[in-house]
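Structure first, then comments.
The values are calculated or read from the model by the stated rules, or taken from the named source; none is laboratory data. Given the structure is predicted, the values throughout are model-derived calculations rather than measurements. Here the Cβ is made from the backbone with ideal geometry for all residues, glycine too, and neighbour counts use every protein chain on show. Just the protein is used for accessible areas: all its heavy atoms, side chains included, with ligands, DNA and RNA removed. Shrake-Rupley method; radii C 1.70, N 1.55, O 1.52, S 1.80 Å.
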Amino acid sequence: MANLVIQGPSRLNGALSVHGAKNSTLPLMAATLLCDGECVLHNCPQLSDVDASTRILRHLGCKVIREGSTVTVDARNAQYWDIPDALMREMRSSIVFLGAIINRMHKATLSFPGGCELGPRPIDLHLQALRKMGVLIEEDHGCLSCSVPEHLKGASIGLSFPSVGATENILLAAVCAEGITVVSNAAREPEICDLADFLNACGAKIHGVGDSTIIIEGVRHLSGCEHRVIPDRIAAATYLSAAAVTGGDIELKDVVPAHLLPVLPVFEESGCEVSVDQNRIRLKAPDRLSRVKSIRTMPYPGFPTDAQAPIMTMTCLAKGTSIFVENIFESRYKHVGELLRLGANIKVEGRVAIVEGVERLSGAPVEAADLRGGAALVVAGLAAGGITRVGGIHHIDRGYENIEDSFKTLGAEIKRI
Ligand code: EPZ
């Protein structure tokens, strides 16, 4: 298995363009299934999760061509409605295809998405909503069998939690349903807005995305369109935390600063100078970071759970104690044990992690257990003195395009072996 070998510490300097958002590309690729015409998606990141989505679309009968960061999908000949267990296992977020497959085929068969490293990943909110829209769903032997005896109909849906995936599945089912669907307590993440922008460009009638109430007026037909995927705000936050923890000075290009509003104040509180203009963010770190009093992960526009791990790494070398509360996922502290091997001082009590800043980290072999925790270990290796070898980097490749090249661009000594 491949490893990343990092020689630290190295102050990161320079400019870097941020790749397109994984968590926008996946639902957008599912949405192309609904289009009666060719869809061209620009700025698609080269990630294993995007490759998995390509395999799902091809399995369903779509023509998918990738040229660099442009993915072209023609779903007009799609004729299947199942996602094989192997593909579901490969990427549990394949559940975002459910709404689109049901909308297009009026039936769907897929295996129950397993849990993942972050804990059980229930889909009760997805299924409740789809049932309200007239979908019959049977769950047995780990398989979901869905059918629409008459037609998908608009419904009034209140989400008990602003689930990103459930909001996306509702959008993808409701966009061609008969009548109007009103979603209250909807997720407000930028990736939801990106999906709605794409669907509206194809002829959908979706209003209110970005707020907690979304109104979808079903239409009969969606054309194809050309769309540019928004930049990956979590990758951006990861690179910024690497610059912060190494006393660096970097500029990120092709970002949307507004998408990082929940995160930028954390860098400022830790003593970094942050300046933004329309699509750039500049961060200049102090020699020694200050602690961040408390970080609570919340649904957007709160602090994003996906940035918790990299930002925790940053606080490991800060002066003082930083407190994290992980409110979104049950077990999203798997990186803590590995950070301790590098010399960090962290105590986890349930959803709370207490980070006592230390003077230095020292390189050691560590193992990634999930995507963002793995990225956090790379960030730690950049700041640690000596050699850090990170294993399990297939987790990282799911969400970061050539992570070693990105950090090499900023002056890091890092290689994949
Ligand atoms: C999306 O996952 C992202 N994945 C996650 O990013 C991100 O962490 C998460 O949203 C929160 O922002 C993609 O977009 C592909 P949720 P999703 O439904 O849709 C509970 C990464 O690192 N819940 O908002 O699965 C759930 O258990 C990944 O890029 C239910 O209880 O997130 C969790 O505690 C990791 N029932 C919380 O809601 C449901 O039916 C948030 O889940 C659905 C969710």
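Take Leu34 and decide whether it is within 23 Å of His395 (Cα to Cα) and either at pLDDT 95 or above or of a type in the set (Gly, Ala, Ser) (or both).
Answer is no for this residue.
What is the residue count in the range 314-338 for residues that are among the hydroxyl-bearing types (Ser, Thr, Tyr) and within 15 Å of the ligand (Cβ to nearest atom)?
Number of matching residues: 2.
For Lys319, indicate whether it is at pLDDT 95 or above, over 24 Å from Gln7 (Cβ atoms) and touching a Leu at 6+ places or on another chain (Cβ under 8 Å).
yes
Only one of (1) under 12 Å from Ile6 (Cβ atoms); (2) open to solvent by 10 Å² or more (accessible area, probe 1.4 Å) fails for Glu367. Which number is that?
Glu367 satisfies every listed condition except (1).
Please work out which residue is nearest to the ligand (Cβ to nearest atom), limiting yourself to the range 169-181 and to residues that are open to solvent by less than 10 Å² (accessible area, probe 1.4 Å) and not in a loop (DSSP other than H, G, I, E, B).
The extreme case among them is Asn169.
Just one of Gly154, Gly158 is touching a Gly at 6+ places or on another chain (Cβ under 6 Å) and farther than 18 Å from Phe97 by Cβ; which is it?
When all the criteria are applied, what remains is Gly154.
Tally the residues that are within 9 Å of the ligand (Cβ to nearest atom) and among the acidic types (Asp, Glu), restricting the search to the range 118-143.
1
Can you pull out every residue in the range 125-168 that is part of a strand (DSSP E or B) and under 18 Å from Leu34 (Cα atoms)?
Cys146, Ser147, Lys153
Output the residue which, of all residues in the range 210-234 that are under 22 Å from Val255 (Cα atoms) and touching a Lys or Arg at 6+ places or on another chain (Cβ under 8 Å), is surrounded by the most Cβ atoms within 10 Å (Cβ to Cβ).
Within the range 210-234, the match that is surrounded by the most Cβ atoms within 10 Å (Cβ to Cβ) is Asp232.
Checking the conditions here, which among Gly350, Gly363, Gly374 is away from the ligand (no atom under 14 Å from the Cβ) and over 27 Å from Ser160 (Cα atoms)?
Sole residue among the options that is away from the ligand (no atom under 14 Å from the Cβ) and over 27 Å from Ser160 (Cα atoms): Gly363.
Given (1) open to solvent by 50 Å² or more (accessible area, probe 1.4 Å); (2) more than 22 Å from His259 (Cβ to Cβ); (3) modelled with pLDDT of 95 or more, identify the lone condition not met by Glu150.
Going through the list (1) open to solvent by 50 Å² or more (accessible area, probe 1.4 Å); (2) more than 22 Å from His259 (Cβ to Cβ); (3) modelled with pLDDT of 95 or more, Glu150 breaks only (3).
Identify, from the list Ala187, Ala174, the residue that is touching a Pro at 6+ places or on another chain (Cβ under 6 Å) and either outside the structural domain of Ser93 (by TED's automatic domain parsing) or among the small types (Gly, Ala, Ser) (or both).
Of the residues listed, the single one that is touching a Pro at 6+ places or on another chain (Cβ under 6 Å) and either outside the structural domain of Ser93 (by TED's automatic domain parsing) or among the small types (Gly, Ala, Ser) (or both) is Ala187.
Criterion first (over 15 Å from His335 (Cα atoms), without any contact (Cβ under 8 Å) to a residue 24 or more places away in the chain and either in contact with a strand residue (DSSP E or B) (Cβ under 8 Å, 6 or more places away or on another chain) or among the charged types (D, E, K, R) (or both)) does Lys408 satisfy it?
Yes.
Quick test of your reading of the structure: Pro122 fulfils all but one of (1) more than 30 Å from Gly350 (Cβ to Cβ); (2) outside any helix (DSSP H, G or I); (3) not basic (Lys, Arg). Name the failing condition by number.
It is condition (1) that Pro122 fails.
With respect to the numbered conditions (1) open to solvent by 40 Å² or more (accessible area, probe 1.4 Å); (2) closer than 25 Å to Ala369 by Cβ, which one is the sole condition not fulfilled by Ser94?
Failing condition for Ser94: (1).
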